[in-house]
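Derivation of every value follows stated rules applied to the coordinates shown; laboratory data play no part. These numbers come from a predicted model, not from an experiment. Here Cβ is always computed from backbone atoms with ideal geometry, including for glycine, and neighbour counts include all displayed protein chains.
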Amino acid sequence: MTTPVARRQAATGEPPPGWLLTALVSNANAEIPDLDTRDPASAAVAREFATSLLSEWGAGDLVFDAQVVISELVTNAIRHVGGVVRVRLIRNGVNLACAVTDSSAALPVMSEEEDCFAESGRGLHLVDALCSSWGWIQVNDHGKLVWAVLTR
């Protein structure tokens, strides 16, 4: 479900929920499953990664939504940035976070209006519609992490 908070976070780059921020910066980071890729087919690889991991976690009900969200975030990173993209999935109770890191400081921009005839430009609208919240944070002055939280 879309919330006003999700839109504000996406627009201003406010930090992710506390549990997610803690997981991203803590020493336990090594325990977070991740995928590093620069392959143009990265979205497909990331979807397979999510499907496998969510099945292992017993969260098969989130597979379809997670595949869409991850696919959109990875596609944006590859299309607009190139280079290596890091994909992480983090779970916390009923929440699943998808986090995609790239090397660009360019911020994600959700278009003002959806054009149903456009070939692109709807990805962040899909993320916004499927997630309880999403946004971005800058990483090391030269990159960003875009995060999205799905709730069961």
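Amide H to amide H, with H built 1.01 Å from N, Trp136 comes under 5 Å of Gly13, Glu14, Trp147, counting only residues 5 or more places away or on other chains. Using a simple spin-label model with pseudo-atoms 7 Å out from Cα toward Cβ, Val84 and Asp39 lie 1.6 nm apart. The phi torsions of region 134-148, fed into the Karplus equation with coefficients 6.51, -1.76 and 1.60 and a -60° offset, translate into couplings of 7, x, 8, 9, 7, 10, 6, 6, 8, x, 9, 10, 9, 10, 8 Hz, rounded to whole numbers, with Gly and Pro shown as x.
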